[in-house]
Amino acid sequence: MSRIDVVVTGLGATTPLGGDVASTWDAMLAGRSGVGALTQEWAGQLPVRIAAELAVDPATVLDRVKLRRLDRSEAIALIAAHQAWADSGLADAGLDPERLGVSIGSGIGGAVTLLAQDDILEASGPRRVSPHTVPMLMPNGPAAWVGLELRAQAGVHSVASACATGAEAIALGLDMIRAGRADVVVAGGTEAVIHPLPIAGFASMRAMSTRNDEPERASRPWDKGRDGFVLGEGSGIVVLERADHAAARGARVYARLAGAGITSDGYDIVQPHPEGAGAIRAIAKAISDADVAKSDIVHVNAHATSTPVGDMAEITALRTALGDHPVLTATKSMSGHLLGAAGALESIATILTIRDSVVPPTINLDDPDDGLTLDVAANKARQLDVPAALNNSFGFGGHNVALVFTRV
Amino acid sequence: MTRDEITAGLAEILEEVAGVNPDDVAEGKSFTDDLDVDSLSMVEVVVAAEEKFGVKIPDNEVQNLKTVGDAVSYIEAQS
């Protein structure tokens, strides 16, 4: 049976680095940080007072009445999805809605709505709780809204695998097209939980950087001075399309989504397997699925979140799974950690690395960890011909997702 | 409070909650058919109207309030 090829024909994003893909990519190549001090009053009591907030307020993009009915994670998923949809040129392509699917997930979902409505419940009673509460906080809300506005009828899915969500949603989109259930899938992730409770929760786990006095230097994957991740918010969305469908309409193709590997550690609820066993298997599966050789993968956009343990476990896994040749980067050094959107934003960065033959930098890598034995595009972008690249994402719960993108 | 004042108050609520142009709000207009107020937004309108006009509008009354005029009459009778 001949394999169905899947390509990427549209990109959309709203991130701490920019309100769209172009501005986000420019900021990455320039090595800019999207991290800043939290100036909200509630931040004062927290051990962590930094985050990577959106560069462009959704209120300047969507109208006020519409925003009343949307959790922030839904609003930004809609913004990114409409960008990707416009970018794909599919709006005028006469696509049958029954062949259009959606796969968009979130790591945490509408927690900010839940907490805000709980405040109203406590202060004013149940009758004052918004009738929009449930559709705003439900984890499938972002996918459902995008499906509604694009009139997608081939199925709307919302996977949840913590910080691997964005990548797993894209992998599910690949499966949907390969299985013949859709010709086009709008796929990606969204997250917006810059709120004291999630921050306090992550901070209690000692997972977050407390470099409050130097926000822009706080996210520093693989650097000896790293002390945890920096929470970011944003959404990244890609349009996946059956390759022959894209070719028939003369679509502009960014890259091929050549393969995906998904594994679970079965080891610990939050700690990665110490030898990265699950990650190694995910990478091997993705390479096999993509039908490329290890040596073909010349670049990796790593998961690397700037945590002491996780960053080095990934290096070990990459050395075992690929060898010592790939050039790495960790764009979370600039964007912060977008949790459920991270794998989607980093897929976009990987795709643009292939297109532009340039690897965005890992900033703040001033004093590399002794265990960093692979080549990293440290502190400035690096020209590199990238015919094939890997994007890793790992999530609490032991989720490992590896995606392989190749030049068409 | 006159009927016109109640209508103006409802227009303010409808603009805030559902983005309805206040100029479109008149006693003869249907909330759903003319002003595009969906069922969830109607719940918000009712709660806001209770607060604004100091009345109680039970859920079983809401289904009888088809037009702005129906709502004005109900509020006028209660207040």
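The values are calculated or read from the model by the stated rules, or taken from the named source; none is laboratory data. Remember, it's a predicted structure, so these values are computed and weren't measured experimentally. Reconstructed Cβ throughout: ideal geometry from the backbone, glycine too, with neighbour counts over all protein chains shown. All accessible areas refer to the heavy atoms of the entire protein, side chains included, with ligands and DNA or RNA removed. Shrake-Rupley method; radii C 1.70, N 1.55, O 1.52, S 1.80 Å.
Could you look at chain B and say what percent of its accessible area is carbon and sulfur, using a 1.4 Å probe and all protein chains?
Numbers: 1920 of 4200 Å².
Percent of accessible area from carbon and sulfur atoms in chain B: 46.
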The percentage of the accessible area of the range A:259-406 (probe 1.4 Å, all protein chains present) made up of carbon and sulfur atoms, to the nearest whole number, is 52
Exposure rank, largest accessible area first [A:R69, A:R64; 1.4 Å]: A:R64, A:R69
In the range A:259-406 the DSSP beta bridges are antiparallel at a rate, in percent to nearest 5, of 65
Ordering A:F396, A:F202, A:F405 from largest to smallest accessible area (1.4 angstrom probe), what's the sequence? A:F396, A:F202, A:F405
Over the range A:7-248, what is the relative contact order in percent, taking alpha-carbon pairs closer than 8 angstrom and at least six residues apart? 31
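Assign one of three labels to the range A:332-383, namely rounded, prolate or oblate, based on the Cα gyration tensor with a ≥ b ≥ c the square roots of its eigenvalues; rounded applies when a/c is under 1.5, prolate when it is not and a/b is larger than b/c, and oblate otherwise. Write out the running numbers ahead of the final one.
Values: a/c = 2.12, a/b = 1.26, b/c = 1.68.
Taking the square roots of the gyration eigenvalues as a ≥ b ≥ c, the range A:332-383 is oblate.
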Computed P(r) (all Cα pairs; the range B:1-76; 5 Å bins; percent): 3, 17, 34, 31, 14, 1
Go ahead and set up a Gaussian network model of chain A, Cα springs under 10 Å, then flag whichever of A:P142, A:P97, A:P361 fluctuates most. A:P97
Total accessible area lost when B and A pair, probe 1.4 Å, Å² to nearest 100: 1100
Consider all pairwise Cα distances in chain A and report the whole-number % of them above 42 Å. 7
Plugging the Cβ-Cβ distance of A:T316 and A:S23 into 1/(1 + (r/R0)^6) at R0 = 51 Å yields, to the nearest 0.05, a FRET efficiency of 0.90
How many nm is it between the label spots at A:A91 and B:S39, if each spot is 7 Å from the Cα in line with the beta carbon? 3.1
Which links in A:K224/A:K380; A:K66/A:K332; A:K66/B:K56 stretch past 23 Å when you go from one Cα to the other? A:K66/A:K332; A:K66/B:K56
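How large, in Å, is the range A:7-248 by the Kirkwood hydrodynamic radius built from its alpha-carbon pairs?
Details: mean 1/r = 0.0534 Å⁻¹.
Final number for the Kirkwood radius of the range A:7-248 is 18.7 Å.
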Amide H contacts under 5 Å for A:S103, restricted to residues at least 5 apart in sequence or on another chain and with H modeled in the peptide plane, are A:H157, A:V186, A:A187, A:G188
Simple spin-label estimate for A:D63 and A:D356 in nanometres, 7 Å along Cα-Cβ: 3.5
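Give me Rg/Rg_expected for the range A:189-289, where Rg uses Cα atoms only and Rg_expected = 2.2 N^0.38 Å with N residues. Before the final figure, lay out the partial values.
Numbers: Rg = 18.9 Å, N = 101, 2.2 N^0.38 = 12.7 Å.
Ratio of Cα Rg to 2.2 N^0.38 Å: 1.49.
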Amide H within-cut-off set for A:D20, under 5 Å, with H built and near neighbours excluded: A:T15
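Estimate the FRET efficiency between A:V408 and A:V309 by the formula 1/(1 + (r/R0)^6), using the beta-carbon distance for r and 56 Å for R0, to the nearest 0.05. Write out the running numbers ahead of the final one.
Details: r = 37 Å, r/R0 = 0.67.
About 0.90, to the nearest 0.05.
What average count of beta carbons from other chains do you get within 10 Å of the Cβ of residues in B:38-49? Kindly include the intermediate steps, with their values, before the conclusion.
Details: counts 2, 1, 7, 5, 1, 4, 5, 0, 2, 5, 1, 0.
Per residue, the number of nearby Cβ atoms from other chains is 3 on average.
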At a 1.4 Å probe radius, which order do A:T113, B:T67 fall into by accessible area, largest first? B:T67, A:T113
